[in-house]
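Just so you know, all these numbers are worked out from the coordinates, no wet-lab data involved. Being a predicted model, the structure only gives us computed values, none of them experimental. Cβ atoms come from the backbone with ideal geometry, glycine included; neighbour counts cover every protein chain shown.
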Amino acid sequence: MASQSTTTAPRSGFGVTGRTDNWWIGPLATALGLGAFGVYSTIRAVSGVDYVHGFGIEGDVVGNYLLSPFFSPLLIFPWMPTWFSPAFLILWAPGGFRLTCYYYRKAYYRSFFLDPPACAVGEPRDQYKGETRLFLFQNLHRFFLYIALIFIILLTIDVVHACIFVTVDGTRQFGLSVGSLVLGLCTTLLALYTFSCHSLRHLVGGKLDCFSCVAMGDARHKVWKGVSVLNKRHMLWAWLSLFMVGFADYYVFLVASGRIEDLRIF
Ligand code: FES
């Protein structure tokens, strides 16, 4: 986060500020980071190729099973035309979760809408109108959270699959490869991002005035404290998980397209 300014900006005038620090670096870096991820994920989602390794056309598994998080859970139906990417059935959920996230809202309001570009910097409109009209969809964040929690379970199952190796004679062995580690780290960071959610913190205990006055108050207090610890680093988990989910998809793409071999560690 940019350092504090020493002077208060005038109330109007786009970009007008008394700040002398490099306040524009934060919004610019955010725009570049989110923009690059948006372009990459859109290309991958639309292309709909090379997103799974070890899954044959008849459903037979060879080696270990690596599935890109962009395409998890694996949804392939006979009615789907060849041009239709299964990512379209999936990405609305994690995409909606991030789009309505309290941290990302601040980040993209500043970097893309410049409204305001930063603290104490003049914005395009004199009057703040709040999140009204179309932006009311931001209120859906709680519901996207419920879906995101289900996704964490599904992605964890993918990591387990990535650690099961099928040999030529059909036996199954537990093992680890670079791919299983990549998917494991990706799911861990996504879980940290999800479990540090402001809505989850509110849900598990933030909305209570008195823990000892409700059923399971002790347990809720412990969970709330745990979520609160993670919540302090929500921005960090947001960025690390965003980078890692893109990297995990790219790694699976490299393996599934035959460009590299997934190195088995044991
Ligand atoms: S506030 Fe960021 S994921 Fe919920």
Along each principal axis, Cα extent of the stretch 88-199, largest first, Å: 70, 25, 25
Proxy exposure order for Met216, Met244, Met235 (fewest C-beta within 10 Å first) is Met216, Met235, Met244
Per residue of the stretch 257-265, what does 6.51 cos²θ - 1.76 cosθ + 1.60 with θ = phi - 60° give for ³J(HN,Hα)? Whole Hz please, x for Gly and Pro, Karplus curve as stated. 8, x, 6, 9, 9, 7, 6, 7, 7
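In Å, what Kirkwood hydrodynamic radius results for the chain from the alpha-carbon pair distances? If you can, show how the numbers build up before the last one.
Working: mean 1/r = 0.0476 Å⁻¹.
It works out to 21.0 Å.
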What does the stretch 169-228 give for Rg and for Dmax, in Å, if only its C-alpha atoms count? 18.2, 60
Interchain or sequence-distant (5+) residues whose placed amide H lies within less than 5 Å of the amide H of Thr17 are Gly122
Using only Cα atoms, locate the centre of the stretch 189-266 and the centre of the stretch 149-183, then give the distance between them in Å, rounded to an integer. 20
Would you list the P(r) distribution for the stretch 212-266, with all Cα-Cα distances sorted into 5 Å bins from 0 and each bin expressed as a whole %? 4, 16, 12, 12, 11, 10, 10, 10, 7, 5, 3, 1
Which cross-chain or sequence-distant (5 or more) residues have an amide H under 5 Å from the amide H of Ser177, H modelled 1.01 Å from N in plane? Ile265
Cβ-based exposure ranking for Leu134, Leu240, in which fewest neighbours within 10 Å come first: Leu134, Leu240
Pick out, from Ser180, Leu149, Phe137, the residue whose Cα sits farthest towards the positive end of the charge dipole of the stretch 96-212, with +1 on the Cβ of Lys and Arg and -1 on the Cβ of Asp and Glu. Phe137
No partner Cβ under 4.7 angstrom, meaning no disulfide-compatible partner by this rule: which Cys of the chain qualify? Cys101, Cys119, Cys163, Cys186, Cys197
Identify which of Leu203, Leu190, Leu34 has the largest mean-square fluctuation in a Gaussian network model of the chain, with springs joining Cα atoms closer than 10 Å. Leu203
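Might you report the magnitude of the Cβ-based charge dipole of the chain about its Cα centre, with Lys and Arg at +1 and Asp and Glu at -1, to the nearest 20 debye? Before the final figure, lay out each step's value.
Details: 21 positive and 15 negative charges, 225 e Å.
So the dipole magnitude of the chain works out to roughly 1080 debye.
Cut-off is 10 Å between beta-carbons; in what order do Asp262, Asp209, Asp249 appear when sorted fewest neighbours first?
Working: Asp262 20, Asp209 6, Asp249 25.
Listing Asp262, Asp209, Asp249 from fewest to most nearby Cβ atoms yields Asp209, Asp262, Asp249.
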